[in-house]
Amino acid sequence: MATQVGARFPGAFSGYKKKMQIPIYQVDAFTGRQFAGNPAAVCLLQEWLDDALLASIAAENNLSETAFLVSRGESWELRWFTPKTEVDLCGHATLAAAFVILNRLERQRDCVLFDTRSGKLSVRRAGDRLAMDFPARPGAPCPQPEGLTEALGAAGSECYRARDLMVVFATEEQVLKLRPKMDQLMRFDCLGVIVTAPGQASDFVSRFFAPAVGVPEDPVTGSAHTMLVPYWSRRLGKQNLYARQVSERGGELWCENHGDRITLMGQAVLFMEGTIVL
């Protein structure tokens, strides 16, 4: 096909090899099958590019997160961008980045180390899952901000604040039925809003909304579980928890509470690999 196009349009491919080429992978995270979980893009860079260019690539990908990686010997520098901004922690894109390294680039390794805005993070093989070591972010109890009930369309029983706002509901059904008004959720002073409840087939369920950073509803949110796990571990009196995020795509996490750190485990599957040409 390329030969035919080149024949019909002379010069169509001239200079192609002179352009910057960036390997890109798309991985479905926190799921064992394609078309579920949370899709993330993973881009491999030789060195860091201008922040504006990174932001443009993430906006063009139009996924909830794009992970950018630069190899630094035995570890990797890792940054995460939504379609609108850089964030300080992202679970599913970290899982996706580790999947690419351990399954496509360095298959002999059992663990990968990342240097990030949230400090050093590690991801190791755990059977058919990958286990991520993350900092815990327990939320402080707070009054529900004015207008939050109207924005969510229902009133929760408790509210907590850390990076995000977390609203606790009584039942999984309540969480499933929520139809938030995204324009109203954008008004609150937080990155996103977590809603959660006890699960019917899991220890707890959740959903996550972050329209202010270009993610109306995130399919599966690892970083939200840095707040969810301390709460549910304390409430249920359990250190090991099984969690489901009940978005339309859905996903599952196996969680361990270690006090100031938590372990988040999940599966991932490759959907696509290719090259960005700039």
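The values are calculated or read from the model by the stated rules, or taken from the named source; none is laboratory data. Everything numeric here is computed off the predicted structure, so don't read it as measured data. In this analysis, Cβ positions are derived from the backbone assuming ideal geometry, glycine residues included, and neighbour counts consider all displayed protein chains.
Of note:
- Scope region 147-162; condition part of a loop (DSSP other than H, G, I, E, B) and either on the phi > 0 side of the Ramachandran plot or buried (at least 17 other Cβ atoms within 10 Å of the Cβ) (or both); matching residues: GLY147, GLY153, GLY156, ALA162
- When GLY147 is tested against (1) within 20 Å of THR221 (Cβ to Cβ); (2) of a type outside the set (Ser, Thr, Tyr); (3) not assigned by TED's automatic domain parsing to the domain that holds TRP76, only condition (1) is not met.
- Subset of region 110-128 (residues that are under 16 Å from the mean Cα position of the chain (by Cα) and of a type in the set (Lys, Arg)): ARG117
- Qualifying residue in region 79-93 (condition: surrounded by fewer than 23 Cβ atoms within 10 Å (Cβ to Cβ) and either assigned to a helix (DSSP H, G or I) or over 17 Å from the mean Cα position of the chain (by Cα) (or both)): no
- Neighbours by Cβ (under 8 Å, 6+ apart or cross-chain): first from region 106-117, aliphatic (A, V, I, L, M); second assigned to a loop (DSSP other than H, G, I, E, B): VAL112/GLU106; LEU113/GLU74
- Filtering PRO198, PRO219 for residues that are surrounded by fewer than 20 Cβ atoms within 10 Å (Cβ to Cβ) and under 22 Å from GLY266 (Cβ atoms) leaves a single hit, PRO198.
- Tallying residues that are touching a Ser or Thr at 6+ places or on another chain (Cβ under 9 Å) and under 21 Å from MET265 (Cα atoms) within region 59-76 yields 4.
- Conditions (1) at positive phi; (2) crowded, with 16+ Cβ neighbours inside 10 Å: number failed by ASN62: (2)
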